[in-house]
Amino acid sequence: MELHELERKRMLKLLLYLLGGKKHASDIVKEVGGSRSTPVLRLKELVKAGLVKKTVSQEYPYHVYYELTPKGVRIARKLKEIDEILKEGERGG
């Protein structure tokens, strides 16, 4: 995955949301917003890139969870740091 690919719709929001730990797929869709298909597609891309890990529960009803990989955590932390710097500028810092 290259940097410009993170510009895709909802990609940054997904990474930052997952920085909070393992999340249920339906909670991710609710939090990230937009159509259901967009976050699902972006999650597949992030899994393929090795930034997110997908886990499916072994018991019925099956649940799907997503969490950041160590590489995904590193990237999300950098993004959060950039976001905080940008917000400092808004507060006159």
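A 1.4 Å probe, protein heavy atoms only, puts the accessible area of L79 near 40 Å². Computed from the alpha carbon positions, the gyration tensor of the chain leads to an equivalent ellipsoid with semi-axes of 25, 14, 13 Å, biggest first. Taking every protein chain into account, the accessible area of the chain amounts to 70 square angstrom per residue (probe 1.4 Å). Could you tell me what percent of the accessible area of the chain is made up of carbon and sulfur, with a 1.4 Å probe and every protein chain present? C and S atoms contribute 52 percent here. Within the range 1-47, the ratio Rg/Rh, alpha carbon atoms throughout and Rh by Kirkwood, equals 0.93. Annotation for S57 and K78: the two label points, set 7 Å from Cα along the Cα-Cβ direction, are 3.5 nm apart.
The values are calculated or read from the model by the stated rules, or taken from the named source; none is laboratory data. Computed from a prediction, not measured in an experiment: that's the story for all the values here. Neighbour counts run over all protein chains shown; Cβ positions are idealised from the backbone, glycine included. The accessibility values were calculated without ligands, DNA or RNA, using every heavy atom of the protein model including side chains. Shrake-Rupley method; radii C 1.70, N 1.55, O 1.52, S 1.80 Å.
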